[in-house]
Structure formats: C-alpha cells, structure tokens
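See below for the structure under consideration.
The values are calculated or read from the model by the stated rules, or taken from the named source; none is laboratory data. Remember, predicted model here, so these are calculated numbers, not experimental data. We place every Cβ from the backbone using ideal geometry, glycine too, and count neighbours over all the protein chains shown.
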Amino acid sequence: MNFFLEHRGELAALTAAAIWAVSSTLYGQIGKQVAPLTLNLTKGLLAIGYVMITMLLTGERFMIAPAQWWPLLISGLIGIAWGDTCFFMALNAIGARLTLLINILSPVITALMASLYLGEQLAWINYLGIALVIAGVAGVIFDRTKTSQSSQNYWQGVLWAVLSALANSIASICSRQAMLAGDLSPTMTTLVRLLAGTVGILLLILWPKSGSSRLSENSGQFLNHKMWLRLAVVAFFSTYLGINLQQAALKYTAAGIAQTVGATSPLFVLAYDWWQGEQISWRSILWALMAIGGMSLLFR
C-alpha cells in the first residue's frame with residue numbers, strides 16, 4: 001500500500017498512457033471522417049459534461065485561488081486548443097505511430113523547462129531513467145513504422161507533431177505551477193483546462209472569415225448515431241479520464257517524470273498487437289525492455 005501511495009503520480013501517468021494508446025488509434029480512425037478542429041471541440045464539450053456530472057455527484061466545490069487561474073487557463077489554451085489540434089492533424093498526415101514517436105520530444109522539453117522554470121532538480125538516476133524510456137519507446141516506434149505518405153504530407157505532419165509536443169510540454173509546466181501554488185483536485189484543474197481549451201478551439205474556428213465553415217464541413221458525420229457513440233466513449237476515456245490522470249500525475253510527481261511515464265503509450269500498443277497475434281520483432285522486444293528498465297528507475 002505504501003508503494004501505491006508513494007508512487008501514485010507515476011501510476012496515474014502509466015494508466016493515462018494505457019488509455020491514450022487505445023485512444024490514439026481510435027482518434028486516427030475517427031479523424032479520417034471528422035476534421036481536427038471539429039473533433040477537438042466535440043470531445044472537449046463531451047468531457048466538460050462528464051466533469052460537471054462528476055462534480056455534481058461528489059459535491060465538489062469550484063474553488064481556485066487567483067494565483068492558480070492563469071497557469072491553468074494558459075495550460076488549457078496551449079495544451080488542448082493548440083496541442084490537441086496539432087496532434088490530430090499529425091495523426092491524419094503521418095499516422096499514430098510516427099506521431100507518437102515525435103511526441104517523445106515532450107518529456108525532454110518538459111524536464112528541461114521544469115528544471116529552469118520551476119527549479120525541479122531530479123536525481124541522476126531519474127535522468128538516466130528518462131533517457132532509457134525515451135530511447136526504448138523511440139526504438140519501438142521507429143522499428144515498427146513504415147512511411148508511405150507523400151513528401152508534402154510527411155513534413156507537414158512532422159511539423160504538427162513537433163508543435164504538439166512543444167504545446168504539451170508548456171501545458172504540463174503551467175499545470176504543475178498551478179498545483180504547486182496550492183492544493184487542487186485533478187477534477188478541478190481538468191475542468192478549468194477543458195473550458196479554456198474549448199474557448200480556444202472556438203477562437204481558432206471563428207478567427208478567419210471563412211472559419212465558420214470548418215465547424216460544419218463534417219457535420220453530416222454527426223447525424224450518424226454510431227459516430228456520436230464512438231466519440232462519446234473515446235472522449236470519456238481519453239479526455240475525461242486521461243486528463244484527470246495526467247493532472248493527478250502532475251500533482252504527485254515531478255513534471256519531467258509525469259511526462260516521461262505518460263509517453264509510454266507505444267509500449268501498450270506493442271503489447272496489444274502481440275495479443276492480437278501480430279509478429280513482434282526481437283528488436284522491438286529489446287527496445288521495450290529498455291524502456292521498462294528505465295521506467296523502473298523512475299519509481300525509485
């Protein structure tokens with residue numbers, strides 16, 4: 001029991017990674033039918049509804065100190081409105097595996113920013129663990145990625161993925177700053193981030209004169225009840241549970257460690273593919289073992 005309490009942040013991030021592993025694949029499928037901004041707005045609105053229902057059932061009050069507002073608002077605007085939209089655009093252009101590979105940059109950026117901006121200094125064994133996890137996860141994805149996109153789509157997708165990784169890092173640092181400023185529940189921070197992110201998405205949609213058409217360009221898909229059901233289920237797990245777990249991770253452990261453990265989604269994809277009977281190379285297995293070994297150092 002002491003282990004679970006001591007490492008609840010890392011365990012929350014690991015659970016979020018498992019959820020995002022499945023969600024990335026599903027979002028990649030849905031993204032072929034629904035535009036990125038439309039998808040991002042819809043899953044945000046659904047998740048806000050889930051959070052509000054949770055707060056009504058638990059009786060949790062909406063109480064946030066003034067010093068915590070701005071970091072959370074910035075985190076939502078950059079991480080959800082910009083970062084998630086870039087992530088969905090990258091998924092459409094280069095696929096889930098390559099997008100996740102490039103998003104391995106996020107833990108490195110987060111650890112550096114946390115050290116410079118928040119003064120979080122990790123032990124050398126934690127930095128070694130971060131390096132091993134990043135190398136292992138990158139190796140798994142690189143070994144299993146086949147690129148068939150055109151040159152233009154490929155480099156556009158890479159750019160969107162890099163911007164997504166940068167946005168996620170900045171959002172994580174802002175969330176961590178709000179957590180350090182006072183005691184906040186993950187549910188509360190999730191709601192503020194989702195509200196800010198949803199407003200940001202609406203601004204992205206409405207900013208150009210022709211932007212209003214973006215919201216309706218795939219509106220026909222939403223007449224399909226199966227599409228609504230899929231979005232509702234995926235939004236519940238990936239956005240509602242995923243962001244709650246991410247915020248819990250940032251509350252109970254250092255930002256760099258939270259982001260690193262949260263970036264292990266490809267390992268869960270690898271395990272799922274093996275369970276489905278797909279042939280897994282020895283290289284992928286060795287890379288995965290390296291990542292798992294690195295992760296064990298983060299739980300020390």
Would you mention how many residues in the range 254-280 are part of a loop (DSSP other than H, G, I, E, B) and either of a type in the set (A, V, I, L, M, F, W, C) or modelled with pLDDT of 85 or more (or both)? 4
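For every residue, the table says whether it meets (1) among the hydrophobic types (A, V, I, L, M, F, W, C); (2) part of a helix (DSSP H, G or I).
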| position | (1), (2) |
| --- | --- |
| Gly28 | no, yes |
| Lys32 | no, no |
| Leu39 | yes, yes |
| Thr42 | no, yes |
| Leu45 | yes, yes |
| Ile53 | yes, yes |
| Phe62 | yes, no |
| Ala67 | yes, yes |
| Pro71 | no, yes |
Failed item in (1) at pLDDT 85 or above; (2) over 27 Å from Thr110 (Cα atoms); (3) among the hydroxyl-bearing types (Ser, Thr, Tyr), with Ser213 passing the rest: (1)
Checking the condition out of contact with any Phe, Trp or Tyr (no Cβ under 9 Å at 6 or more places or on another chain), assigned to a helix (DSSP H, G or I), touching a residue at least 60 places away in the same chain (Cβ under 8 Å) and hydrophobic (A, V, I, L, M, F, W, C), which residue from Ile78, Ile94 passes? Ile78
Being over 22 Å from Gly31 (Cα atoms), within 14 Å of the chain's Cα centre (by Cα) and buried (at least 24 other Cβ atoms within 10 Å of the Cβ) is the filter here, so list the residues in the range 49-107 that pass it. Ser75, Ser106, Pro107
Checked the range 108-126 for anything surrounded by 18 or more Cβ atoms within 10 Å (Cβ to Cβ), of a type outside the set (Gly, Ala, Ser) and assigned to a helix (DSSP H, G or I); matches are Val108, Ile109, Thr110, Met113, Asn126
